[in-house]
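Chemist: Pasting a structure here, questions to come.
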Amino acid sequence: MSDNAPPPETEPAPAPAPGLEESIRQVGDAGRETLQSARQTLRSLRRLASADFAMARSAFGRALAWSGVAIVFGASAWLLLAATMIAFLHYVGLSWFVSLLLTSLASLAVTGWAIWRVSYFFHHTGMHATRRQLSRLGLFDEPAEDDPDADVKLPGDGTP
């Protein structure tokens with residue numbers, strides 16, 4: 001070695017390991033801190049969910065009230081519009097019967113279109129994606145014909 005070479009690095013001596021009692025105390029303290037943290041987290045989550053449900057409940061009530069107002073005024077507006085359309089059709093020369101018939105057919109067409117849209121949107125309330133994911137996890141799924149365990153008899157089934 002030359003005179004300019006740095007001295008070889010020496011590793012520091014490891015600290016002495018704590019005794020068994022000290023290790024147990026440290027593990028117990030860490031467990032208590034973890035439990036306290038979990039309690040605080042769950043308490044905060046419960047408060048958040050409670051506040052969220054309260055807000056949703058209040059918003060649902062208000063939305064329901066305003067929906068009632070919209071339905072009442074929408075229905076009265078449609079009745080006035082239908083009466084105006086009937087009067088106009090009679091004014092242009094159609095009989096009362098034909099005027100009423102055309103207005104009724106228009107109402108039925110809009111009703112049919114609304115029923116179709118309602119059925120389309122109610123299809124989305126089936127939570128199909130959630131059911132697929134739960135089924136992939138093996139939860140809440142019905143046995144299918146291609147399921148290899150579909151023919152397995154569960155103990156206690158069929159017994160009185």
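Chemist: Please pick out the residue among ALA56, ALA83, ALA114 that is in a helix (DSSP H, G or I) and open to solvent by less than 50 Å² (accessible area, probe 1.4 Å). Step through it out loud before you land on a result.
Modeler: Working: ALA56 fails: open to solvent by less than 50 Å² (accessible area, probe 1.4 Å); ALA83 fails: open to solvent by less than 50 Å² (accessible area, probe 1.4 Å).
Testing whether each residue is in a helix (DSSP H, G or I) and open to solvent by less than 50 Å² (accessible area, probe 1.4 Å) leaves just ALA114.
Chemist: Take SER99 and tell me if it is modelled with pLDDT of 75 or more, assigned to a helix (DSSP H, G or I), under 30 Å from ILE86 (Cβ atoms) and hydroxyl-bearing (Ser, Thr, Tyr). Can you show your working first?
Modeler: Working: modelled with pLDDT of 75 or more: yes; assigned to a helix (DSSP H, G or I): yes; under 30 Å from ILE86 (Cβ atoms): yes; hydroxyl-bearing (Ser, Thr, Tyr): yes.
The answer is yes for SER99.
The values are calculated or read from the model by the stated rules, or taken from the named source; none is laboratory data. Values in this document were obtained by computation on a predicted structure and should not be read as measured data. Note that we place each Cβ from the backbone using ideal geometry, even for glycine, and neighbour counts take in every protein chain shown. For accessibility, only protein heavy atoms count, side chains too; no ligands or nucleic acids. Shrake-Rupley method; radii C 1.70, N 1.55, O 1.52, S 1.80 Å.
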